[in-house]
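Have a look at the structure below before the remarks.
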2 protein chains.
Amino acid sequence: MKSLPDALRMKSYLKDKKCRKAIIVGAGFIAMEMAEGLRNLGMETAIVHRGILPASRWDKEFAELMLKELDRNSVSFLVNRQVTAIEGGKGSSLRLITNQGDVPADMILFALGVRPNVKFAADMGITIGKSGAIEVNAFQVTNIENVYAVGDCCEVFHRIRKDWVNMPLGDIANKQGRILGGNIAGGIVSFPGIVGAQTFKLFDLEVAATGINESEAESCGYNPVSTIIWGSAIGAVMPGAKKVGIKLVADRATGKLLGAQAIGEMGAVSRINVLSCALWGDMNLDDIANLDLAYTPPFSTVWDVIHIAAQKLRKQI
Amino acid sequence: MKSLPDALRMKSYLKDKKCRKAIIVGAGFIAMEMAEGLRNLGMETAIVHRGILPASRWDKEFAELMLKELDRNSVSFLVNRQVTAIEGGKGSSLRLITNQGDVPADMILFALGVRPNVKFAADMGITIGKSGAIEVNAFQVTNIENVYAVGDCCEVFHRIRKDWVNMPLGDIANKQGRILGGNIAGGIVSFPGIVGAQTFKLFDLEVAATGINESEAESCGYNPVSTIIWGSAIGAVMPGAKKVGIKLVADRATGKLLGAQAIGEMGAVSRINVLSCALWGDMNLDDIANLDLAYTPPFSTVWDVIHIAAQKLRKQI
């Protein structure tokens, strides 16, 4: 699915062919979103994955909660599967052939990630960065004068990695488009980069992350320390209060925040947004442990999970 | 109401005396919270106010929404009233005598603000600050060696006003208590201060603010500019999406954020928390206009109201 008509075509196909069974190959956040979408259309839905946990950007403890949420919503999750072929089915129209047997389906969706389509650019002599996406500077200019690039096809500066990456997300593309507009309309506007904020919804779960995780931190030359804590998303005695899990990653040498992950039925995205702002401001754990956040029991606890996580991680340094 | 037993006593009184009508004198955030509490107990509830709008910390446009929310929940709001006496009633047990006639009630609650109780401290020679609260340093020490003060009775450093204030809020008291604990247990811990984050719930409304408003900004020597915008709290096409209003105040000379207000049925507190973090990090409008926040339609719009407000205000400078 690369365009809106592709999505509409898929929906029509499911309806016209009276599809009952869908397979998603892959377990990233697009696979998670599609699983919810297909279940909401009433499809029997199975995820077929080469690994054992979904959404590798997130920690094992959080990924296991995603598995529970899939299970609670009757999405099967088939692990350690190598896909070798698609063949015609008997009861269903298709069979997905894997190293652990066949899986019947009326529709099979591959959600295996994206690569920037840069052939056109490369052919005209535009430099492609080591990420495989078009190299731009902060003004969105390529190596060829007056040729700009924005969006999923190009790189973006990651403020925590301190390096250029390809992160094909809609908000980044929009921001780059605005920078481009300013520049081609005669202004001089530069894009200050990203910190890696991202989120997806999985049925009743908010899943979000920002910055970098430990393995990324190590590859960037940091010395990461981390902690996971669970707290109440709002005042624990309030009706409807739910738990939220927070993981913080910081640099041992400087105490600076490097990244965060969050999951829960409420309050995960809002925490990640605060922590994204903290990353933007290059804050350390002492700052975050004392941040002045708006407190009232219907909306928060007197010490927020953010504070508690930062205090706990501070002690590990 | 200064203690939990006071609150329980009030609830018992309402029940035992079969109270039907309650009056709240005052229209600050405690008055708003009490109005909701009393309505939820089934009381006919009236707010009697010397002015015309509630919650003066917030702008007229936002205060008018609070009035609508009170009205929608059948709380009457009597304006321009000077209270002169309380007398015995006829149908009800009490009458509140005002310059515009009497108001009957079974219970009358005064919610007119608080002043720190510092008599004990002043009597022993502890310096009282210009706010009327106990003067402390960042280590929570008073002018007398080994005598500390924390909580509603003492001052706190406001990072945006760059001055000491009295802001009697529970989260600040908790933070100061933790600093004190660190210091009396032999550590050396200082409190980095506050930015003025605060919030209350009014029936279905989230109301929140941080930093300072224009009149405070002027009194602190800033040259404030401001804007109010309305946007969708989550993707506008999502089921259940609600509007959120944001006001930003910035300094014309530096472009730095000075304060923010927000109101709406969802997403007001989460925006104020991000902006509180931005205030903590001394960020300017260019930073805020480009902040990397987690985007997915179930939880946000591709440009968040925070971005749009900062972009709009940036143009005014």
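The values are calculated or read from the model by the stated rules, or taken from the named source; none is laboratory data. Only a predicted model underlies this, so the values are computations on that prediction, with no experimental measurement involved. Reconstructed Cβ throughout: ideal geometry from the backbone, glycine too, with neighbour counts over all protein chains shown.
For segment B:121-131, the count of residues that are of a type outside the set (Phe, Trp, Tyr), in contact (Cβ under 8 Å) with a residue 12 or more places away in the chain and buried (at least 20 other Cβ atoms within 10 Å of the Cβ) is at least one. Among residues of segment A:50-67 that are in the same structural domain as A:THR210 (by TED's automatic domain parsing) and among the small types (Gly, Ala, Ser), none has a beta-carbon under 7 Å from a residue that is surrounded by fewer than 18 Cβ atoms within 10 Å (Cβ to Cβ) and modelled with pLDDT of 95 or more at least six positions away or on a different chain.
For B:GLY181, the conditions (1) farther than 18 Å from A:TRP303 by Cβ; (2) within 13 Å of chain A (Cβ to nearest Cβ); (3) surrounded by fewer than 21 Cβ atoms within 10 Å (Cβ to Cβ) are fulfilled apart from (1).
Output yes when any residue across segment B:177-198 is closer than 27 Å to A:PHE200 by Cα and not in a strand (DSSP E or B), and no when none is.
Within segment B:177-198, the first condition is being closer than 27 Å to A:PHE200 by Cα, and the residues that meet it are none.
Looking for residues that are closer than 27 Å to A:PHE200 by Cα and not in a strand (DSSP E or B), one finds none in segment B:177-198, hence no.
Mind listing whichever residues of segment A:207-257 are within 14 Å of chain B (Cβ to nearest Cβ), free of Cβ contacts under 8 Å to residues at least 40 places away in the same chain, over 30 Å from A:LYS162 (Cα atoms) and of a type outside the set (Gly, Ala, Ser)? Scanning segment A:207-257 gives a single hit, A:PRO239.
Please indicate, with yes or no, whether at least one residue in segment B:108-116 is on the phi < 0 side of the Ramachandran plot and more than 24 Å from the chain's Cα centre (by Cα). Break it down into steps so the answer makes sense when it comes.
Step one: list which residues in segment B:108-116 are on the phi < 0 side of the Ramachandran plot, which gives B:108-112, B:114-116.
Going one step further and asking which of them are more than 24 Å from the chain's Cα centre (by Cα), we end up with none.
No, every residue in segment B:108-116 fails to be on the phi < 0 side of the Ramachandran plot and more than 24 Å from the chain's Cα centre (by Cα).
Of the set (1) surrounded by fewer than 17 Cβ atoms within 10 Å (Cβ to Cβ); (2) in contact with a Phe, Trp or Tyr (Cβ under 8 Å, 6 or more places away or on another chain); (3) away from chain A (no Cβ under 13 Å), all apply to B:ASN137 but (2). Screening B:ASP152 against (1) out of contact with any Asp or Glu (no Cβ under 9 Å at 6 or more places or on another chain); (2) loosely packed, with under 14 Cβ neighbours inside 10 Å leaves a single unmet condition, (2). Considering (1) of a type in the set (S, T, N, Q); (2) under 19 Å from A:VAL156 (Cβ atoms); (3) touching a helix residue (DSSP H, G or I) at 6+ places or on another chain (Cβ under 6 Å), the lone condition that A:THR227 does not fulfil carries the number (2). Being in contact (Cβ under 8 Å) with a residue 60 or more places away in the chain and either in the same structural domain as B:LEU257 (by TED's automatic domain parsing) or over 15 Å from the mean Cα position of the chain (by Cα) (or both) is a description that does not apply to B:THR142. Right, B:ARG161: within 28 Å of B:LYS256 (Cα to Cα), more than 10 Å from every other protein chain (Cβ to nearest Cβ) and not in a strand (DSSP E or B) or not? Yes; evaluated as a whole, the condition is true for this residue. Can you find, within segment A:184-193, the residue that is nearest to A:VAL141 (Cα to Cα) among those that are at the interface with chain B (Cβ under 9 Å from one of its Cβ atoms) and in contact with a helix residue (DSSP H, G or I) (Cβ under 7 Å, 6 or more places away or on another chain)? Ranking the candidates gives A:PHE191 first. Here is a list of conditions, (1) more than 25 Å from A:VAL195 (Cβ to Cβ); (2) crowded, with 18+ Cβ neighbours inside 10 Å, and B:ARG252 meets all of them except one; can you say which number that is? B:ARG252 satisfies all of (1) more than 25 Å from A:VAL195 (Cβ to Cβ); (2) crowded, with 18+ Cβ neighbours inside 10 Å except (2).
What do you reckon, is A:GLY51 part of a loop (DSSP other than H, G, I, E, B), modelled with pLDDT under 95 and surrounded by fewer than 17 Cβ atoms within 10 Å (Cβ to Cβ)? Criteria not met by A:GLY51.
Within segment B:287-316, residues that are in the same structural domain as B:ASN273 (by TED's automatic domain parsing) sit with their Cβ atoms under 7 Å from residues that are at pLDDT 95 or above and among the basic types (Lys, Arg), at 6+ positions apart or across chains, in these pairs: B:ALA289/B:ARG314; B:ASN290/A:LYS175; B:THR296/A:LYS201; B:PRO298/A:LYS201; B:PHE299/A:LYS201; B:VAL305/B:ARG271; B:ILE306/B:ARG271. Within segment A:284-302, track down each residue that is within 7 Å of another protein chain (Cβ to nearest Cβ) and closer than 17 Å to A:THR227 by Cα. A:ASP287 - this is the single residue of segment A:284-302 that is within 7 Å of another protein chain (Cβ to nearest Cβ) and closer than 17 Å to A:THR227 by Cα.
Can you tell me which residue in segment A:180-216 is farthest from A:VAL244 (Cα to Cα), limited to those that are β-branched (Val, Ile, Thr) and in contact with a strand residue (DSSP E or B) (Cβ under 9 Å, 6 or more places away or on another chain)? Step through it out loud before you land on a result.
Initial filter on segment A:180-216 (β-branched (Val, Ile, Thr)): A:184, A:188-189, A:194-195, A:199, A:207, A:210, A:212.
Subset that is in contact with a strand residue (DSSP E or B) (Cβ under 9 Å, 6 or more places away or on another chain): A:184, A:194-195, A:199, A:207, A:210, A:212.
Values: A:ILE184: 44, A:ILE194: 25, A:VAL195: 22, A:THR199: 14, A:VAL207: 10, A:THR210: 16, A:ILE212: 20 Å.
Among residues in segment A:180-216 that are β-branched (Val, Ile, Thr) and in contact with a strand residue (DSSP E or B) (Cβ under 9 Å, 6 or more places away or on another chain), the one farthest from A:VAL244 (Cα to Cα) is A:ILE184.
Looking only at segment A:164-176, which residues are outside any helix (DSSP H, G or I) and hydrophobic (A, V, I, L, M, F, W, C)? A:TRP164, A:VAL165, A:MET167, A:LEU169 - these are the residues of segment A:164-176 that are outside any helix (DSSP H, G or I) and hydrophobic (A, V, I, L, M, F, W, C).
If the requirement is being farther than 30 Å from A:SER226 by Cβ and either among the charged types (D, E, K, R) or surrounded by fewer than 13 Cβ atoms within 10 Å (Cβ to Cβ) (or both), which of these qualifies: A:GLY113, A:GLY101? Break it down into steps so the answer makes sense when it comes.
Values: A:GLY113 fails: farther than 30 Å from A:SER226 by Cβ.
After applying the criteria, what remains is A:GLY101.
For segment A:201-216, name all the residues that are surrounded by fewer than 24 Cβ atoms within 10 Å (Cβ to Cβ) and of a type in the set (D, E, K, R). Correct list: A:LYS201, A:ASP204, A:GLU214, A:GLU216.
Scanning segment A:261-281 for residues that are over 19 Å from A:PRO54 (Cβ atoms) and more than 9 Å from chain B (Cβ to nearest Cβ) yields one hit, A:MET266.
Yes/no per residue for (1) of a type outside the set (S, T, N, Q); (2) out of contact with any Asp or Glu (no Cβ under 8 Å at 6 or more places or on another chain); (3) not assigned by TED's automatic domain parsing to the domain that holds B:ASN73:
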site: B:PHE157; (1), (2), (3): yes, no, yes
site: B:ILE160; (1), (2), (3): yes, yes, yes
site: B:TRP164; (1), (2), (3): yes, no, yes
site: B:PRO168; (1), (2), (3): yes, no, yes
site: B:ARG178; (1), (2), (3): yes, yes, yes
site: B:SER190; (1), (2), (3): no, yes, yes
site: B:PHE203; (1), (2), (3): yes, no, yes
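Taken together, the residues in segment A:263-317 that are under 14 Å from A:LYS247 (Cα atoms) and of a type in the set (D, E, K, R) amount to 4. Residues of segment B:91-139 that are of a type in the set (Asp, Glu) and in the same structural domain as B:PHE157 (by TED's automatic domain parsing): B:ASP123, B:GLU135.
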